[in-house]
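Everything below concerns the one structure shown next.
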Amino acid sequence: MADLIKLIRKAKERAPRVIEHTPPDLRKAKVDFRQEPVTREITSTLKPYTGPWTSMEVAHLLRRTMFGVKKADLDYFKTKTLDQTLSELLSTSPDPAPPINDYNTPELKDPQIPYGETWINHKWDYKDFNDPDFIKILSLRLLSFKTWWIKQQMNQGRTIHEKMILFWHNHLVVETQSVFVPILAYNYQNILRRRALGNFKDMVRDITVDPAMLIYLNGSENKRQAPDENYGRELQELFVIGKGPDSHYTEEDVKQAARVLTGWTLNIVNQKLVSSFIAFNHDSGDKQFSSFYNNTKIRGRFSGNGELDDLMSMIFGTQEAARYICRKIYRFFVYPEIDDFTEENIIRPLAEVFRDNQYEILPVLKMLFASEHFFDVMNRSAMIDTPLDMIIGFWRTMDMSFPQDLSLEDLRQYHIAMFYMPLLVGMELGDPPSVSGWPAYYQYPIYDKSWITNSTITTRAFLTDILMSYGLFRPDEKDPLPIDFLHFVSTLDQPEDPNKLIDEVSLLFLGYPMSDREKEDYKDILLSGQQSDYYWTNAWNNYIADPNDQVARQVVFTRLQSFFQLLFHLAEFHMM
């Protein structure tokens with residue numbers, strides 16, 4: 001329905017941006033982000049990994065497949081074999097409760113959804129999009145959706161599920177702010193959640209006619225009278241085939257794919273926003289494709305589903321489809337650059353497994369994460385972490401949680417803060433910068449280095465300083481939530497031993513053991529300039545003996561605060 005699409009686009013143009021808060025202005029901080037050039041010569045392959053299974057290997061696997069490394073998770077998986085660990089990691093988590101109305105204020109209340117109840121079952125009407133107050137409500141619901149998504153990452157179970165949802169979000173991109181309708185953003189994310197570890201071909205098929213994608217890439221405006229090639233192009237160039245060395249689809253293939261997809265649009269049916277097919281708007285002629293697709297001819301008919309299925313079969317019948325997705329998986333989970341050896345010995349064998357398993361995702365992931373190549377020391381702490389990995393990983397590694405008695409508004413404020421911090425350093429969940437996703441995964445030759453600029457590296461330091469000095473700030477500027485690093489240190493195996501403490505903290509936050517020289521620098525902070533380890537051991541034991549003794553508490557608190565603040569300024573803290 002063209003009128004519906006026009007109403008949505010006009011509503012989006014009139015909507016205010018909800019995220020307008022700024023964090024406290026703290027003193028400037030400098031980050032030592034030194035990274036010596038490394039000659040990368042890797043000959044490891046997809047042979048099963050048979051090396052040691054220690055905390056180092058477990059931490060590497062968890063850091064790449066989850067957000068951060070929680071000590072409890074590390075200890076848990078150390079007791080498992082690699083096969084047992086992958087069986088648990090490569091699983092889906094239960095469906096979470098949906099986002100709710102947590103945004104009502106005395107000045108602006110959602111007239112349709114009671115406070116504390118979910119808005120995903122809202123009954124839609126055309127007139128909604130002409131109501132200025134309702135447009136403001138849509139903005140608040142969209143923020144509610146994004147903070148709900150952040151919450152799922154913060155509370156993830158021991159699975160790769162949330163990381164895979166992020167991976168597919170970066171690959172099958174929909175910018176939710178562009179779509180603007182929160183329920184469509186939620187339903188789009190649900191496709192990624194449901195299909196994240198399932199069948200890629202089925203996922204692409206679902207996404208192709210998903211209402212959010214129909215709006216985002218103009219599929220809803222693709223008619224036989226005026227074909228729109230936007231989605232037909234991105235389906236091949238970005239979503240399935242890519243622009244690799246063996247990708248030779250033609251401009252004519254783009255036009256023919258657009259013809260196949262004519263007639264799909266958006267409508268309100270039974271007061272729900274859904275995709276629908278209008279046969280009158282569909283080009284029912286035959287569609288002839290190039291030699292890249294073996295000169296396939298898709299028979300024209302008035303069935304949108306029939307031609308769509310034929311299109312999927314044709315595109316996924318190419319060798320390049322599997323290779324392209326395996327390259328994307330590799331760049332996200334292993335290393336951004338793919339040389340000739342990696343292409344031949346990693347990508348192509350993975351692609352064969354992908355095709356042999358009819359595009360099931362799990363066999364590819366299992367082969368990759370069980371390989372000697374994944375655990376190669378050259379692939380460890382080798383990528384700059386994303387802003388989400390930095391912030392959510394910090395929270396989870398520090399074993400933070402919210403107090404049980406927080407109000408719904410308090411939780412909302414803190415979740416907004418957790419959403420806002422990655423945004424400050426270049427990563428807004430739900431809204432990659434373009435349909436190509438974040439440049440870190442495709443922009444040659446910079447790749448992951450695009451996360452680090454003169455601005456973002458300073459802001460990263462600001463954020464860790466904020467967290468260590470003040471805590472998790474609230475956008476409403478009420479008292480922040482302190483970071484309980486005393487609790488975190490108390491969970492370590494031997495916190496009274498400064499050497500063991502530094503080793504364990506280094507493993508969890510940096511992914512590697514510090515050199516003796518580095519360790520001495522950090523131990524000097526814990527010893528407050530003294531020479532004997534006893535000065536830390538005694539201080540810690542005094543605190544543990546009476547945690548309510550404010551003097552004893554302040555002694556260890558001050559030293560640990562300085563210790564962590566300096567640690568988070570290390571370049572290696574920003575590596576994964």
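The values are calculated or read from the model by the stated rules, or taken from the named source; none is laboratory data. Predicted model only: the values in this text are computed from it and were never measured. Heads up, the Cβs are rebuilt from the backbone with ideal geometry, glycines too, and the neighbour counts pull from every protein chain shown.
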| query | Within the stretch 493-502, which residues are part of a helix (DSSP H, G or I) and free of Cβ contacts under 8 Å to residues at least 12 places away in the same chain? | reply | 500
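Checking the condition closer than 29 Å to residue 401 by Cα and assigned to a loop (DSSP other than H, G, I, E, B), which residue from 111, 106 passes? Steps first, please.
Working: 111 fails: closer than 29 Å to residue 401 by Cα.
Answer to the check: 106.
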| query | Can you tell me which residues in the stretch 33-56 are modelled with pLDDT under 90 and exposed (fewer than 11 other Cβ atoms within 10 Å of the Cβ)? | reply | 34, 36, 37, 38, 39, 41
| Between a first residue in the stretch 339-366 that is closer than 14 Å to residue 202 by Cα and of a type in the set (A, V, I, L, M) and a second residue that is assigned to a helix (DSSP H, G or I) and modelled with pLDDT of 95 or more, which pairs have beta carbons less than 7 Å apart while being 6 or more apart in sequence or on different chains? | 361/200
| request: Restrict the check to the stretch 150-162 and report whether at least one residue is assigned to a helix (DSSP H, G or I), over 20 Å from residue 422 (Cα atoms) and either aliphatic (A, V, I, L, M) or more than 13 Å from the chain's Cα centre (by Cα) (or both). | output: no
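Taking the stretch 482-501 as the region of interest, how many residues are surrounded by 19 or more Cβ atoms within 10 Å (Cβ to Cβ), over 24 Å from the mean Cα position of the chain (by Cα) and closer than 17 Å to residue 399 by Cα?
Filtering the stretch 482-501 for residues surrounded by 19 or more Cβ atoms within 10 Å (Cβ to Cβ) gives 483, 485, 488-489, 495, 498, 501.
This time we only want the ones that are over 24 Å from the mean Cα position of the chain (by Cα), so: 485, 488-489, 495, 498, 501.
From what's left, closer than 17 Å to residue 399 by Cα: 485, 488-489, 495, 501.
Matching residues across the stretch 482-501 total 5.
Within the group 522, 512, which residue is within 27 Å of the chain's Cα centre (by Cα) and either surrounded by fewer than 20 Cβ atoms within 10 Å (Cβ to Cβ) or not in a loop (DSSP other than H, G, I, E, B) (or both)? Please lay out each step first, then the result.
Numbers: 522 fails: within 27 Å of the chain's Cα centre (by Cα).
Matching residue, one of 522, 512: 512.
Suppose we keep only residues that are in a loop (DSSP other than H, G, I, E, B) and in contact with a strand residue (DSSP E or B) (Cβ under 7 Å, 6 or more places away or on another chain) within the stretch 465-481. Which one would you say is nearest to residue 398 (Cα to Cα)? Walk me through it before giving the result.
Step one: of the stretch 465-481, the residues in a loop (DSSP other than H, G, I, E, B) are 470-471, 473-480.
Now restrict to residues that are in contact with a strand residue (DSSP E or B) (Cβ under 7 Å, 6 or more places away or on another chain): 471, 480.
Working: 471: 12, 480: 16 Å.
Once the filter is applied, the top-ranked residue is 471.
In the set 253, 283, 309, which member is touching a residue at least 40 places away in the same chain (Cβ under 8 Å), in contact with a helix residue (DSSP H, G or I) (Cβ under 9 Å, 6 or more places away or on another chain) and loosely packed, with under 14 Cβ neighbours inside 10 Å? Explain how you work it out, then say what you get.
Numbers: 253 fails: loosely packed, with under 14 Cβ neighbours inside 10 Å; 283 fails: loosely packed, with under 14 Cβ neighbours inside 10 Å.
Unique residue meeting the criteria: 309.
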| Of the residues that make up the stretch 16-26, is at least one outside the structural domain of residue 156 (by TED's automatic domain parsing), at pLDDT 95 or above and farther than 30 Å from residue 267 by Cα? | no
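Table: residues versus (1) over 14 Å from the mean Cα position of the chain (by Cα); (2) touching a residue at least 24 places away in the same chain (Cβ under 8 Å); (3) part of a loop (DSSP other than H, G, I, E, B); (4) surrounded by fewer than 20 Cβ atoms within 10 Å (Cβ to Cβ).
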position: 422; (1), (2), (3), (4): no, yes, no, no
position: 427; (1), (2), (3), (4): no, yes, yes, no
position: 430; (1), (2), (3), (4): no, yes, yes, no
position: 434; (1), (2), (3), (4): yes, yes, yes, yes
position: 440; (1), (2), (3), (4): no, yes, no, no
position: 443; (1), (2), (3), (4): yes, no, yes, yes
position: 455; (1), (2), (3), (4): yes, no, no, yes
position: 458; (1), (2), (3), (4): yes, yes, no, yes
position: 463; (1), (2), (3), (4): yes, yes, no, no
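Could you identify the single residue in 490, 532 that is without any contact (Cβ under 8 Å) to a residue 24 or more places away in the chain and of a type in the set (Gly, Ala, Ser)?
So the residue among 490, 532 that is without any contact (Cβ under 8 Å) to a residue 24 or more places away in the chain and of a type in the set (Gly, Ala, Ser) is 532.
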| said: So if I check each of 78, 70, which one is farther than 15 Å from residue 157 by Cβ and not polar (S, T, N, Q)? | reply: 78
| field | Members of the stretch 37-80 that are closer than 21 Å to residue 161 by Cβ and either among the aromatic types (Phe, Trp, Tyr) or assigned to a loop (DSSP other than H, G, I, E, B) (or both) | value | 66, 67, 68, 69, 70, 76, 77, 80
| Lone unmet requirement of (1) surrounded by fewer than 20 Cβ atoms within 10 Å (Cβ to Cβ); (2) modelled with pLDDT of 95 or more; (3) not charged (D, E, K, R) for residue 403 | (2)
| query | In this structure, is residue 531 outside any strand (DSSP E or B) and out of contact with any helix residue (DSSP H, G or I) (no Cβ under 9 Å at 6 or more places or on another chain)? | reply | yes
| said: Cβ-Cβ distance below 6 Å, separation of 6 or more or different chains: which pairs start in the stretch 114-130 with a residue that is free of Cβ contacts under 8 Å to residues at least 60 places away in the same chain and within 17 Å of residue 272 (Cβ to Cβ) and end on one that is of a type in the set (Val, Ile, Thr) and outside any helix (DSSP H, G or I)? | reply: 118/100
| request: Return the residue satisfying two criteria in turn: it lies in the stretch 57-93 and is closer than 26 Å to residue 360 by Cα and without any contact (Cβ under 8 Å) to a residue 60 or more places away in the chain, and of such residues it is surrounded by the most Cβ atoms within 10 Å (Cβ to Cβ). | output: 62
